[in-house]
Structures are given as structure tokens and as C-alpha cells.
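Read the structure below first, then the notes.
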Amino acid sequence: MTTARMLASARPRRLARLCGRGDLGLRLGLLLLAVLVLIGLVGPLLLPDPNATAAGQSLLPPGPDHLFGTDRYGRDLLARTVAAIRLDLVLGIGVAVAAMLLGSLLGAVAGYLGGIVDEVVMRFTDALLAFPGFVLALMVVAFTGNSLVFMAVGVTIGSMPHFIRLSRARALSERELDYIPASKLAGSGSGGIIFGHIMPNTIGAPLIQTTVTAGWAILDIAALSFLGVGVQPPTAEWGTMISEGYSEILTGKWWPAFFPGLFMLIAVLAFQLIGDGLSKWKNS
Amino acid sequence: MSLLAVDDLDLRIARSGQTLLRDVTVSIERGSIVGLVGESGSGKSMFSLALMGLLPDGVEVSAGTAEVAGRPIFRGASRSYDTAVRDRIALVSQNPRAALNPTMRIGKQMVRVLRQRRRMGKIQARDEARELLRKVGISDPLRVERAYPHQLSGGMCQRVVIAMALSVQAPVLIADEPTTGLDVTIQAQILLLLKELMADGDRAVLMVTHDLAVVSSMCDQVIILYGGQVMEVGPTQDIFHDPVHPYTRFLLESLEDHVPSADDIGDRVTESSVDFSLAGCRFAKRCPFSTDLCHREPPLARRSGTRTVNCHHRGVS
Amino acid sequence: MSPLLQVDDLVITYMNGRRRVPAVRGVSFAAEPGETIALVGESGCGKSSTARAVAGLEAPTTGRVRMAGHDVGAIARDPKLRHLVQMVFQHSDQSLDQMWTVERIVAEPLARMHRMRRGAARDRVVPALAEVGLGDEYLTRRPRDLSGGQAQRVAIARALITRPQLVVLDEPTASLDQSVRSRVLALLQRLQNERKMTYVFISHDLASVRRIAHRVAVMYLGRIVEVGPTAEIFRNPMHPYTRGLLESEPRVTPNEPWEITPMRGETPSPSAIPTGCAFQGRCPLAGPQCAAVDPRLVEVAGGRLLACVKKD
């Protein structure tokens with residue numbers, strides 16, 4: 001309806017304006033992420049070497065010399081937590097983007113082509129969904145060997161089903177629209193239609209889902225590292241740090257596990273808020 | 001006495017301040033069928049939504065009054081919709097299937113309405129429902145009663161919706177594009193049905209449509225709407241015989257069976273969409289006769305006998 | 001002259017679960033170069049399936065669609081021939097990709113069929129748009145910024161940019177306002193006169209058909225029931241369905257109101273077509289032989305074909 005169109009255009013849809021005065025959660029999420037990124041970029045330049053051990057400095061509580069305290073080997077926890085920002089964010093976002101690209105492509109292909117291709121892709125998706133992404137990543141690592149790359153591949157595969165489903169559902173409705181046969185008559189093959197028409201028209205929802213997935217991926221990666229899979233000590237990573245620190249909690253030394261956990265929480269929260277805010281914006 | 005009387009109604013998009021409807025006046029006597037005609041973007045659907053209290057978020061009544069059977073529709077300073085008038089207005093809409101509950105059998109839906117709105121007992125309501133279905137030309141009401149909406153054709157669903165509209169015995173009926181989307185042969189059946197049902201003269205009917213041909217066969221009076229502004233009002237035969245407003249002339253000339261004549265203006269009317277923030281006449285941008293005055297100021301209604309024309313330059317001779 | 005388009009005994013059957021639902025049940029017609037043949041009928045008559053088969057978008061279950069000596073299916077697969085058949089769709093808003101600009105939309109056939117780059121394509125897109133009455137300023141617009149009429153003009157420009165010989169017009173004006181409708185029809189007519197294209201015009205709107213078509217084929221439940229020159233069909237409809245259809249069409253009559261005279265009944269479902277004549281249940285002339293005989297389409301006068309046992 002024409003009026004619906006007018007109403008839509010009267011609404012401030014621009015992302016910039018939305019960030020200015022829109023959803024509070026989205027603004028908070030973007031702010032948190034920006035602060036994290038800034039600390040991650042600048043922090044390591046100002047802080048001591050995260051892997052430098054210091055004898056006699058082990059398990060010092062938070063204080064003026066070591067704001068977050070030190071761990072069992074006397075390493076500065078602030079430096080380690082901050083150093084881990086880069087690794088965890090890059091891994092989380094990288095995994096989410098890879099899962100988004102691969103998953104959306106698979107979904108678009110399955111939805112557009114239908115038939116046997118759709119059947120195979122959907123059974124594959126169902127199989128993936130039967131395991132939590134975390135368990136799946138464990139299996140991948142068990143088969144391929146314990147390395148960071150294979151762990152990331154595992155988490156990527158485990159994160160794909162959502163994207164496959166989202167983009168397949170959209171592709172199924174897009175392929176019914178007349179611009180698809182029009183494009184066929186213009187001489188496009190299936191590849192041209194999938195990359196030229198279906199993907200651009202179905203990528204919106206997966207793009208938004210990517211932010212939430214990045215949060216989940218950080219959790220999965222940390223959990224795997226906690227179990228000693230993927231990221232190996234002494235590399236500073238929130239999961240490994242918690243793993244190294246959690247036994248100290250019993251003796252009342254809470255800080256080695258607390259600060260990496262706090263940062264992880266902030267990162268996941270930021271992605272979740274951004275994702276929720278974006279989907280609200282898209283549906284408004 | 002007018003059963004439906006709308007005076008100078010304005011609708012506005014709250015956020016942008018654009019007026020979707022400007023000074024729309026409609027008056028329908030008992031026993032009369034009035035056609036509200038306009039192309040897409042004319043605001044005709046917004047008008048019926050406003051009367052039903054179904055305006056989308058962000059659109060508000062910003063001026064004017066409206067009464068149905070003597071009762072004001074919009075109340076208070078904010079002109080909010082008075083839901084108490086709902087049972088005085090019945091609606092037959094464009095998409096009959098969407099108007100019916102897909103999960104409930106037809107008979108049950110009708111009985112529910114009759115029990116709620118007319119306080120009937122169960123058995124009485126069931127008999128009345130059958131009677132109504134027969135009245136709208138359904139020869140086997142027992143089968144239709146047991147059917148779900150998806151088991152019925154579009155034409156059948158529209159008959160059921162008409163039956164339900166009749167069942168509430170509202171003095172005013174709004175038929176919003178009641179046959180759009182139906183096949184021509186079914187459209188003719190539904191139009192004839194509506195015309196016969198309205199022949200008893202108890203109601204006031206507002207027929208909202210884009211189809212001039214439908215109007216010419218159904219309505220006593222026509223209101224031509226363009227860009228949310230009334231262009232011309234008058235008895236159907238007079239308007240079709242002797243259109244005065246340039247827009248009305250243009251519309252009639254665009255009919256396929258129109259016989260071209262020397263003073264046709266159709267080719268000189270430009271194609272551009274409605275600008276809802278325009279101060280002057282909404283048709284000015286396209287009108288071959290428009291002047292500065294048209295762009296600056298909205299035209300006032302010029303009345304003569306039964307006809308009204310909203311144009312700076314053309315009046316009824 | 002040999003016909004450009006030749007449709008022979010076209011049958012299209014869809015599977016609805018396990019059930020076979022016939023959409024087109026043996027349709028034959030031909031169209032000459034430069035001719036507009038209209039397929040008219042109500043929903044479920046098979047006109048859109050026929051249109052898609054003619055455009056090569058739908059494979060016939062049985063029967064043949066040939067154009068200029070080639071099978072339409074082969075034309076659709078042959079990169080050198082497929083520009084010959086194009087189509088304009090009903091919903092102008094759906095037939096354009098909302099993410100693309102007008103320039104890219106109109107250039108799509110050039111890019112795909114002739115591997116033409118954007119700069120070279122623009123030299124052909126601009127005149128193609130001008131021909132449908134749109135200026136350069138539309139190149140960068142997107143479909144959501146176009147009115148229904150403008151969108152349909154863009155779709156027409158896209159269909160015609162490869163200089164097709166046959167254009168299938170599937171209800172090209174059904175989603176448009178009356179005043180825009182007549183302009184788009186005029187545009188289609190002018191383009192046909194300039195380029196001598198053949199149109200297959202699908203419509204349920206008799207007024208548009210009367211204006212644009214040279215010949216009319218009236219369809220009912222997957223069959224053609226009557227064919228003839230437009231003027232004659234409208235002046236003297238022979239099939240009772242054609243007559244009912246013409247009488248149902250609302251008309252503006254300036255002097256007295258149009259008398260509504262509806263045909264009775266509704267079109268039966270394609271999965272429950274009666275034996276004998278498919279129209280018998282609604283036909284005012286139906287007799288016992290209508291249930292017994294399935295009428296064939298036969299020539300009854302010069303250029304006029306009719307499928308009715310009651311002809312005389």
C-alpha cells in the first residue's frame with residue numbers, strides 16, 4: 001500500500017540516526033564493543049609483556065602495581081586479559097563471518113535449487129543441529145588434531161546451521177518472485193541468479209545474526225580452550241586463563257579467573273545487545 | 001438525515017506532518033449507496049480504516065468530525081476512536097479470506113457473532129446464520145457452515161463475509177474494494193448481490209473502489225478522490241455524463257471504451273506521483289490548467305445544486 | 001506468411017502431492033509476425049501456464065511450442081537464440097530486483113547474453129529507457145522509488161532491449177491504476193508498430209484486450225473455447241462462456257446504469273473437471289449431449305473457431 005510506503009519513509013531507518021537516538025541496548029552494545037576494541041588495540045602497547053613471569057610475584061591480589069593482580073607464575077593479569085582481547089575478538093568475529101558466508105551460501109543454494117540439493121543440505125543441517133556446536137568442534141579437533149585452526153573450523157561448522165536455515169527460508173520465498181524468471185529470460189544461469197539476486201536479497205538477516213554468533217563463538221572458543229583444546233598455554237586467552245585460575249578460587253584467590261571472565265562477559269553481552277538492537281531495527 | 005456524516009476530516013502522519021487526507025466531507029443518507037473512487041495513493045483506504053478505527057500506528061485524525069447514526073466517531077481533543085461505534089459500522093473488505101478466522105468453521109464464526117452482538121441463544125443463532133447464508137445466495141448453507149475458510153472459493157468467502165456484515169445489522173456498511181481480486185463473472189455475482197441486499201433502503205453504504213465501471217453500476221452518488229483531496233462530488237449519472245473537474249475528465253478519458261474527442265485533456269496530463277506536503281491543489285502538478293494559485297492554495301468547494309467541484313478554475317455551469 | 005509462433009496441443013500437468021492437476025489440457029494456436037494474440041480467461045483457465053510455456057519457462061508435459069522453426073525449450077537454452085523470446089510480468093514490483101538499480105536491471109540481458117560491460121551497456125540502456133518514456137535520471141533509481149507504471153516501463157525496457165521477436169505479456173497492466181494502464185497499453189502498441197514484434201497478451205481484463213489484441217482466444221479450464229478476430233468476438237460472441245464473460249464485465253454507461261447480469265455458478269476445481277464439456281455446469285444452453293461429448297475446437301466461419309456442441 002502506498003501509505004505503508006510513506007510511513008516507512010517517514011521512519012528514521014538510517015543506521016546512523018538509529019545509533020544517535022534509537023535503541024538503548026544497541027547503543028550500549030556498540031559502546032562496549034568500541035571500548036573493548038580500543039583497549040585491545042592500545043592496551044598491549046602500554047602494558048608489560050603478558051607472558052613475562054616474575055618469581056616471587058605469584059598470586060598477588062589486585063593493587064596499585066598490578067591492577068588485576070598476578071597469576072600463579074607472577075604474570076600481570078591486566079596485561080594478559082587485555083592481550084587476549086585481540087585473539088578472542090578476531091577469532092570470534094572471524095568464525096562468525098566465515099559461518100555466515102558459508103552458511104548463507106549453502107542456504108541460498110538449497111532454497112533456490114530445491115529438490116535433491118535442498119534435501120541433502122537440510123539433512124546435513126539437521127545432523128549438525130543434533131550436536132551442540134561445542135561438541136561438534138570437539139569432534140572436529142579429535143579427528144584432525146589439536147590446533148587453533150581446526151578448533152576454529154569446528155566452531156565455524158557448528159555455527160552454520162542457523163545461517164543455513166535463515167537464508168534458505170528467505171531464498172524459498174524470493175525464488176517465487178517474478179524477477180527470478182525475468183532473470184532467467186535475461187540469460188542468467190543458476191549461479192548468476194544465486195549470486196546476483198538470491199544472495200543479496202537474503203543476506204540481511206544472516207548479517208544481523210552474525211553479531212550474535214560472534215558472541216556465542218567467543219564463548220565456545222573459551223570453553224574449548226578451558227578444556228585444553230585449541231588455544232594452548234602460555235598464549236593469553238580468556239578460556240585458558242580461566243582454566244589456569246579456577247583452582248585458585250578454592251583458596252580464596254578469585255582474581256585470576258574473575259577478570260578474564262568479566263571481559264568475556266562484556267564481549268558476549270556487547271555482541272548480543274548489538275544483534276538484538278539490529279534485528280529490532282530491521283523489523284521496525 | 002445522514003446516517004454517515006463526515007465533515008472536513010484530516011488525516012496526518014504524525015512524524016512527518018504530511019496530510020494524507022485533507023478536508024474530506026462525506027454524507028450518506030439512509031438507503032443510498034455512495035461510491036468513493038480513487039486510484040492508488042488517493043487515501044480512499046485510509047478513509048475507511050479511519051472510520052473503522054483501524055488506522056496504522058503513526059497516522060492520526062488531525063481535524064474534522066465524523067458521526068455515524070448521530071453518534072460521534074472521534075472523541076476528545078486527541079480525536080481518538082470511540083470503539084462504541086463499531087457495532088454501527090460493518091465492513092466488507094477486499095480480502096475476504098483474511099476477514100475470516102482460518103481455524104474456525106464458518107457456522108461457528110457466524111453463531112459467535114450473532115450471540116455476542118445480537119444476544120441470541122445458541123439455536124436461534126444457528127437458524128439465523130443459515131437464513132443469512134441463504135440470503136447471500138448460498139444454496140447449500142449446511143455444507144458451507146461446516147467448511148473452513150480455506151475450503152471455500154474467494155467468491156464464496158466474500159458471500160460469507162457479506163452475510164456476517166448483515167448479521168450485525170449495522171446502519172452503515174463500508175464495502176472496501178469488495179470485488180477486487182475476484183474473477184469478472186464472480187464480481188458480477190457479488191455486485192448484484194450487494195445491490196439487491198441494499199435495495200431495502202435500511203442502510204447507508206459506502207463503496208470504496210478504484211473501478212469507475214463498478215461505481216457507475218452500483219452507486220447513486222460519487223466522490224472522486226485524488227491525493228487525499230476530494231475533487232468532485234455529485235450524482236453518478238451527472239458526473240459520468242458531464243465531468244467538470246480536470247481530474248475526473250482525465251479518469252473517464254482513460255477508460256478503454258472512451259470515444260476520443262477533440263477536447264480530451266488526457267494527453268496533456270503528466271505522470272507524477274502525489275506530493276503529500278503540497279500546500280495547494282494536490283492535482284496541480286499534473287493538471288494542464290493549473291496556475292500559480294493552484295500550487296499555492298487548496299481549492300475551495302464550489303457547490304451548485306447537487307454537485308460540488310473543488311477547483312480554482314472550473315465550476316459547474 | 002508462416003506463423004512465428006506455433007503452439008500444438010500443449011498439455012501442462014502439475015503434481016499436487018500424488019494427484020495430477022491439469023492446468024492446460026490441449027491448447028493449440030498460432031501467431032503471425034507483428035500480431036497480438038490475447039489469451040483471455042479467469043483464474044484457473046491455464047492462461048498463465050500457457051504463457052510460461054510459450055516463454056520457455058515451463059516445459060510442456062506433452063505437446064510442442066515452436067517459434068521461428070525452433071523449439072522454445074531449445075531457444076531458452078541456446079545463448080544465440082534466447083534473446084528472441086522475452087516476457088513482461090504481472091507484478092511490476094516483483095519482477096524487478098529491489099536491490100538493483102534501474103540501469104543494472106535493464107542492462108541485465110546485455111550483461112548476461114552479450115557479456116557487455118557497464119559503459120558499453122549504458123549506450124543502449126539510455127535509449128531503451130527513453131523509448132519507454134523514462135529519462136536518464138532513472139538510471140540510478142531503485143525499484144522502491146518507482147511508481148507502478150514506471151516500474152512496468154522499466155520491465156518493458158528490459159524485455160525489449162535485446163530486440164525480441166516474440167514478447168509474452170502476462171497481465172502487464174493488471175496491477176496498474178486505470179489512467180496509467182491506458183498509457184502503458186499505448187506504449188506497448190507503439191513499440192509493436194515500430195518493431196513488428198509478436199505479442200502474446202495474457203489478460204482477464206476484456207477492455208485492455210479489446211484495445212490491444214488483433215485476435216482473441218478465450219480459455220476455460222485449460223482449453224481454448226473460442227478464437228476469433230477481436231472485433232468479431234466482442235460484437236458477436238458465440239460461445240456461451242464468452243458471452244457470459246462479456247456480460248459480466250462492468251461498463252461505464254453514461255446514460256443509464258449498467259444492468260448487472262451475472263453468469264451462474266463458479267469455475268470447478270481443475271482436479272474435478274466434469275466429463276464432456278467443462279462448462280456445462282454453468283452453461284445456460286447445456287443439454288444432455290454436453291455431458292456426453294467433449295467439444296473440439298473447430299472452424300465455424302472465416303477465422304473463427306469454436307468448441308461447443310450447441311453451435312449453429
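Taking both sides together, the accessible area buried where A meets C is about 1700 Å² for a 1.4 Å probe.
What FRET efficiency would be calculated for the residue pair C:SER269, A:LEU262, taking the C-beta separation as r and a Förster radius of 56 Å, to the nearest 0.05? FRET efficiency, C:SER269 to A:LEU262: 0.30.
Between the listed residues B:ILE239, B:VAL259, B:LEU278, the Cα displaced farthest toward the positive end of the dipole of segment B:144-297, a dipole computed from Cβ unit charges relative to the Cα centre, is found at B:LEU278. One quarter of the convex hull surface built on the alpha carbon atoms of segment C:66-187 amounts to 7.5 nm², the projected area averaged over directions. When only the Cβ of Lys, Arg, Asp and Glu is charged (+1, +1, -1, -1), the dipole of chain A relative to its Cα centre reaches about 1080 debye. The residues of segment B:198-231 listed by number as losing at least 20 Å² of accessible area in the complex, against the isolated chain and with a 1.4 Å probe, are B:HIS210, B:ALA213, B:SER216, B:SER217. Buried surface between chains B and C: roughly 3100 Å² of accessible area, summed over both sides, computed with a 1.4 Å probe on protein heavy atoms only. Heavy-atom accessible surface of B:LYS122, to the nearest 10 Å², is about 140 Å², with a 1.4 Å probe and all protein chains retained. Listed by number, the DSSP H helices of chain B that run 24 Å or longer by alpha-carbon position along their axis and have mean Kyte hydropathy of at least -0.5 come to an empty list. On a 31 Å Cα-Cα criterion, which of the cross-link pairs C:LYS47/C:LYS196; A:LYS184/B:LYS44; A:LYS184/C:LYS47; C:LYS80/C:LYS196; B:LYS285/C:LYS47 come out too long? Distance filter (> 31 Å) returns A:LYS184/B:LYS44; B:LYS285/C:LYS47. Applying the criteria of a DSSP loop state and at most 15 other Cβ atoms within 10 Å to the chymotrypsin sites (Phe, Trp or Tyr not before Pro) of segment B:262-300 yields B:PHE289. The residues B:MET156, C:MET99, A:MET139, C:MET15, sorted by heavy-atom accessible surface at 1.4 Å with ligands and nucleic acids left out, run C:MET15, C:MET99, A:MET139, B:MET156 from largest to smallest.
Taking all Cα pairs closer than 8 Å and separated by 6 or more residues, the relative contact order of segment B:27-118 comes to 16 percent. Summing charges over all other residues whose Cβ lies under 13 Å from the Cβ of A:ALA96, with Lys and Arg as +1 and Asp and Glu as -1, gives -2. Extending 7 Å from Cα along the Cβ direction at B:ARG71 and again at B:ARG119 yields two label points whose distance is 1.4 nm.
Computed about the Cα centre, the dipole magnitude for chain C is approximately 820 debye when only Lys and Arg (+1) and Asp and Glu (-1) carry charge, each at its Cβ. For the residues of C:179-189, the average number of beta carbons from a partner chain within 10 Å of their own beta carbon is 3.
Based on C-alpha pairs under 8 angstrom that are at least 6 apart in sequence, chain B has a relative contact order of 21 percent.
Please list, in order, the residues from segment A:45-85 whose amide nitrogen is less than 17 Å from a point placed 7 Å along the Cα→Cβ vector of A:LEU250. Under cut-off, by backbone N: A:72.
Farthest toward the positive end of the dipole of the protein assembly as shown, out of B:THR306, A:ILE193, B:TYR148, is the Cα of B:TYR148, where the dipole comes from beta carbon charges about the Cα centre. Apply the a/c threshold of 1.5 to the C-alpha gyration tensor of chain B and tell me whether it is rounded, prolate or oblate. Taking the square roots of the gyration eigenvalues as a ≥ b ≥ c, chain B is prolate. A dipole drawn for the protein assembly as shown from +1 and -1 charges on Cβ atoms has a positive end, and of A:PHE131, A:LEU41, A:LEU278 the residue lying farthest that way is A:PHE131.
Ligands, DNA and RNA excluded, the heavy atoms of A:LEU273 present near 40 Å² of accessible surface to a 1.4 Å solvent probe. For the protein assembly as shown, the fraction of 1.4 Å probe accessible surface lying on carbon and sulfur atoms is 56 percent. In the context of the full set of protein chains, segment A:224-273 has a per residue accessible area of 42 Å² (1.4 Å probe). Under a model in which nothing but the beta-carbon of Lys, Arg (+1) and Asp, Glu (-1) is charged, chain B shows a dipole of about 1700 debye around its Cα centre.
With axes computed from alpha carbons, what is the tilt in degrees of helix A:255-283 against the longest principal axis of chain A, rounded to the nearest 10 within 0 to 90? Result, in degrees: 20.
The values are calculated or read from the model by the stated rules, or taken from the named source; none is laboratory data. What you see is a predicted model; the values in this text were computed from it and never measured. FYI the Cβ positions are ideal-geometry reconstructions off the backbone, even for glycines, and counts take in every protein chain you see. In case anyone asks, the SASA skips ligands and DNA or RNA and just uses the protein heavy atoms, side chains included. Shrake-Rupley method; radii C 1.70, N 1.55, O 1.52, S 1.80 Å.
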